[in-house]
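Everything below concerns the one structure shown next.
The values are calculated or read from the model by the stated rules, or taken from the named source; none is laboratory data. Values in this document were obtained by computation on a predicted structure and should not be read as measured data. No Cβ is skipped: glycine too gets one built from the backbone with ideal geometry, and neighbour counts run over all protein chains shown.
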Amino acid sequence: MKIPYTTEIREDTGLYNAKAGMWLFLASEAMLFGALFSAYVFLRIGAWEGEWPHGLLNVPIGAFNTLVLITSSLTVAMSWTSLKMGDLQRYRRFQFVTLFCAAAFLGIKGWEYFDKFNHYEIWLKEPVSSQEYPQLAGHFADPDQPVASVIGHIEGIGPFQTLASLQEEGESAVELHPDAFHYRLSARQQAELRKAERPSDPAVSHGADAEHASVRIDLSRIARMSAFVPRHGTFFATYFTLTGLHALHVLGGALMFAFILWPGARMWRDDPERYTNSVEVAGLFWHFVDLVWIFLFPVIYLL
Amino acid sequence: MSSHEPGLIRKYIFSTDHKVIGIQYALTSLAFLFIGLMLMLLMRWQLANPGQPVPIVGGALEGLLGEPAGEGKISADLYNSFGAMHGTIMIFLGVVPLVFGAFANYLVPLQVGAADMAFPKLNMLSYFLYLIGGVIMLVSFFVPGGAAQAGWTSYPPLATIIPTDGQTYWLVAMVFLITSSLLGSINIIVTVMQLRVPGLTWMRLPFFVWSEFVTAFLLLLAFPPMEAGAILQLMDRLAGTSFYMPHGLILSGQPATGLSGGGSPLLWQHLFWFLGHPEVYVLILPAMGIVTEVIANNTRKPIWGYRALVGSALAIGFLSMVVWAHHMYVTGMGTGISMFFQTTTTIISIPSVIIMTCLMLSLWGGAIRFTVPMLFAIAFLPMFGIGGLTGLPLAFTMADVALHDSYYIIGHFHYVVAPGTIFAVFAGIYYWFPKVTGRHMNRGLGYLHFWGSLVCMNLIFFPMLFQGLGGMGRRMSDGGYIYSAAHPSNEGVIGSLSDAVVQLNGVIAWSALALAAFQLPFIYNFFYSAFAGRPVENDNPWQATTLEWQTPTPPPHGNFTQEMFVYREPYAYSLHANEPAGRAPESSATAGEFVDFEAQNQPLGAAVTTEMPANQASIL
């Protein structure tokens, strides 16, 4: 029994089977990510005024990761071209770069996640003023304006604690090391503060000094607290769900390439055309995943 | 390698042969249909006799499910579980895998003349994903808190805050099922696109293949948004996010704590119904395809309006993607949006009516053979007709506001799915059984099954329409008793449910029991005939034209023993009936044989290869 058009192209459709299948799969993937992007639009339109946070993500790192993915798409295309020209070695070299890029992307993404997990936001029952807590300096863009929430590190409690879980553990207060610098101030304000050279200001120097200037906040004053994890709010929920799902796709694509590159390479001897096709089909998937990121980056990081 | 006979496990369990996988799908989904039927019986008992212990199986129920079924009674929570799981099992584990997994898997490669599906291994994978999803769904009955309780639609915030792990199982199972049907749909589309034999042009495809082709596109494009929705709901349940939890949520009189809020329950409804409505056409299009095949074969004439059928199926496929929010008129999403969906919903009834009209007109002037499959196919027409027509008032916002969430809805969509789709499924089973097993099903038992089911289905679902018009809501675990005039606390209350409306529950319960009883002849017939039924006389016992009948019975691995080439349209029945013998193709009139059809692969004007059974009446 032989199934036709596994490698050769059917005339009226212009496709071999696997390519047709991959295009259809990508159509469904487009619907999947399309639905998630729509959910993002839906939630953001419905968000209360001032509720949607800005500037919580690291734009330069995100931009660099975009570059990494685009590079990998390029090397995938080059590796497929190399195979078409019969040059297995060149294909291998390009695919090593692709896999390196994939690993770099996931590593950077993981570092970004970790950095987010490190920060807690605490919403207070009553807004606090700069007079009461001078340590929270960076939070007050306008010193006369009290703020409803504060951001910082909390040592030794891990990223997934909530007010309820802390109360259950019998804690009465949390020790917050404020870190509003990166999150509450615009780039211009940050630059101005740096220019002012006030290294003793704990909110400015985000380092060893900051730890000394911690704030002790009684749990009874806290309305709600969460690290920068999905439960933090709809923004981080969307961010982690969308980028997490995308990262799984990157991982899947990389595994596919790795499989074709090593255990699947025997096919090159038996059926080089089919082998080349498998790289093309996996490449289609890879370009799609790349494309999703090209939408994700501006939508989540920039808007 | 290829001549090597695979072992039993490779041949019957981990098989990549589309026919074996089709049979696996059929047996599994029929088993799920049966489970769904049993859940329905338990619910009907509870509705007719609220709070009474279930007779006979009450003890077993308590032993199995523990406290929610204490004293053999169905508690309100358990009733909710049964309701949610009846819907889920019937739709996602029963009917869809049956019409798409089983029928499409078995028949589409045969009807397009292919040796197998385009991706046989993927095909096996999609069956096992379906099986895993089904097992997870069943296991959820036994986890703390019991199975999902928020209805088959799983609307949050209710679905999210309900204190049972069953909902999480439900979501995980759905992700498996969605992935399964995704792979299946890719397989079907590629098979139809790429593996059609030479000569089988698009307009020569049997309508069944067209219907499955459109269905596959619906599954491919409509399921992912629901998958996205399920992922978000999983995040809400497991990671504590608030995708569907709005600001200011009040739970049991207390403001919800620990939630960020900012989500929207409407978001789920949009994502769910973006699948949910095309899903209706996933259920009905293959049914129409099956009925078309059976009607063409048993009226012995070409289907009336083949092109109109194909065009309508495509139109339905497209339009079904833009009607979803007509399930959401009462959510307050706004009159402008309601107007849009009201319009599209009204428009989609046009292609549906065209298909029904074509099938009705196909009966006109036919030499109808009242075989068992034909009876089911004929009954499908008015039954689906009732289902479709009762849906029209629901398309209009003004009428829907009154009818929404009432038993009228239940009656309406059950008419579409139960005596509609499931009758078509029975028609298909009786029709293709001889090809799959090489044996006929028993005709007498078939008639018993048909007439019993037809009467009972109507006795079950027609009263529901009246109950709904009488004001009975769809999710009450006591069958509306608490709102009825007979309830002591409602004495003198104007607008309480009339006694007659509540008492119809009794009629429905007895009819449901009878319906279940009338499935016994079918179950017996199915298994008995598979092993000891009357063997088929030849490979084409129904004298059908399409390619699946031009193979050995049952078809071997690889399906066809010779090169296939298609010469003509799918329904070439009685084309030369009115012509003098001399002008008909030579073969049609040789040796006094009566052959009134030309198979798709029969060369133009060449000898007929299929012989007529000696005793023509035996076809009936």
Report the residue count in segment A:44-56 for those that are surrounded by 14 or more Cβ atoms within 10 Å (Cβ to Cβ), more than 9 Å from every other protein chain (Cβ to nearest Cβ) and out of contact with any helix residue (DSSP H, G or I) (no Cβ under 7 Å at 6 or more places or on another chain). 1
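A quick yes/no check of all residues on (1) within 17 Å of residue B:102 (Cα to Cα); (2) outside any helix (DSSP H, G or I):
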site	(1), (2)
B:167	no, no
B:196	no, yes
B:212	yes, no
B:215	yes, no
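For every residue, the table says whether it meets (1) surrounded by fewer than 20 Cβ atoms within 10 Å (Cβ to Cβ); (2) farther than 23 Å from residue B:595 by Cα; (3) more than 14 Å from chain A (Cβ to nearest Cβ).
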{"position": "B:525", "(1), (2), (3)": "no, yes, yes"}
{"position": "B:531", "(1), (2), (3)": "yes, yes, yes"}
{"position": "B:536", "(1), (2), (3)": "yes, no, yes"}
{"position": "B:539", "(1), (2), (3)": "yes, no, yes"}
{"position": "B:543", "(1), (2), (3)": "no, no, yes"}
{"position": "B:548", "(1), (2), (3)": "no, no, yes"}
{"position": "B:551", "(1), (2), (3)": "no, no, no"}
{"position": "B:556", "(1), (2), (3)": "yes, yes, no"}
{"position": "B:567", "(1), (2), (3)": "yes, no, yes"}
Any idea which of (1) in contact with a Phe, Trp or Tyr (Cβ under 7 Å, 6 or more places away or on another chain); (2) without any contact (Cβ under 8 Å) to a residue 60 or more places away in the chain; (3) away from every other protein chain (no Cβ under 14 Å) is the one residue B:326 doesn't satisfy? (2)
Looking at this structure, is residue A:191 more than 14 Å from every other protein chain (Cβ to nearest Cβ), in contact (Cβ under 8 Å) with a residue 12 or more places away in the chain and of a type in the set (Gly, Ala, Ser)? no
Can you tell me which residues in segment B:534-572 are in a loop (DSSP other than H, G, I, E, B) and of a type in the set (Asp, Glu)? B:537, B:539, B:563, B:569
Taking the conditions exactly as written (buried (at least 23 other Cβ atoms within 10 Å of the Cβ) and over 25 Å from residue A:28 (Cβ atoms)), does residue B:145 satisfy them or not? no
Residue A:11: within 14 Å of another protein chain (Cβ to nearest Cβ), without any contact (Cβ under 8 Å) to a residue 12 or more places away in the chain, over 28 Å from residue B:190 (Cβ atoms) and of a type in the set (D, E, K, R), yes or no? no
If I ask for residues that are in contact (Cβ under 8 Å) with a residue 40 or more places away in the chain, over 25 Å from the mean Cα position of the chain (by Cα) and part of a helix (DSSP H, G or I), which ones from segment B:468-499 would you list? B:469, B:481
I need a count of the residues in segment B:353-373 that are in contact with a Ser or Thr (Cβ under 9 Å, 6 or more places away or on another chain) and surrounded by 22 or more Cβ atoms within 10 Å (Cβ to Cβ). 3
In the set B:199, B:229, B:240, the lone residue that is farther than 24 Å from residue A:5 by Cα, surrounded by fewer than 24 Cβ atoms within 10 Å (Cβ to Cβ) and either of a type outside the set (Asp, Glu) or touching a helix residue (DSSP H, G or I) at 6+ places or on another chain (Cβ under 6 Å) (or both) is B:240
Within segment B:413-429, is there a residue that is in contact with a His (Cβ under 7 Å, 6 or more places away or on another chain) and either over 21 Å from residue B:45 (Cα atoms) or in a helix (DSSP H, G or I) (or both)? no
Yes/no for residue B:87 being surrounded by fewer than 24 Cβ atoms within 10 Å (Cβ to Cβ) and free of Cβ contacts under 8 Å to residues at least 24 places away in the same chain: no
Test each condition in (1) at pLDDT 95 or above; (2) within 14 Å of chain A (Cβ to nearest Cβ) for residue B:15 and report the one that comes out false. (1)
Given the conditions (1) modelled with pLDDT of 95 or more; (2) buried (at least 24 other Cβ atoms within 10 Å of the Cβ), report the number of the one that residue B:472 does not fulfil. (1)
Qualifying residues in segment A:228-244 (those that are part of a helix (DSSP H, G or I) and facing another protein chain (nearest Cβ under 7 Å)) - the one nearest to the chain's Cα centre (by Cα): A:241
Unique residue being away from every other protein chain (no Cβ under 14 Å), of a type in the set (A, V, I, L, M) and at negative phi when the list is A:41, A:59: A:59
For segment B:351-365, what are the residues that are touching a residue at least 24 places away in the same chain (Cβ under 8 Å) and touching a helix residue (DSSP H, G or I) at 6+ places or on another chain (Cβ under 8 Å)? B:351, B:352, B:353, B:354, B:355, B:356, B:358, B:359, B:362, B:363
Against the condition within 17 Å of the chain's Cα centre (by Cα) and either within 14 Å of another protein chain (Cβ to nearest Cβ) or part of a helix (DSSP H, G or I) (or both), how does residue A:33 come out, does it pass? yes
How about segment B:175-190: which of its residues are within 16 Å of residue B:128 (Cβ to Cβ), more than 8 Å from chain A (Cβ to nearest Cβ) and hydrophobic (A, V, I, L, M, F, W, C)? B:175, B:176, B:177, B:178, B:183
Look through B:23, B:89 and report the one residue that is within 27 Å of residue B:478 (Cβ to Cβ), within 20 Å of the chain's Cα centre (by Cα) and either within 14 Å of chain A (Cβ to nearest Cβ) or in a helix (DSSP H, G or I) (or both). B:89
Which number in (1) assigned to a helix (DSSP H, G or I); (2) more than 30 Å from residue B:278 (Cβ to Cβ); (3) within 9 Å of chain B (Cβ to nearest Cβ); (4) of a type in the set (D, E, K, R) marks the one condition that residue A:2 misses? (1)
Being free of Cβ contacts under 8 Å to residues at least 24 places away in the same chain, more than 7 Å from chain B (Cβ to nearest Cβ) and in a helix (DSSP H, G or I) is the filter here; which residues of segment A:14-29 pass it? none
One residue from B:262, B:248 being at pLDDT below 95, in a loop (DSSP other than H, G, I, E, B) and facing chain A (nearest Cβ under 9 Å): B:262
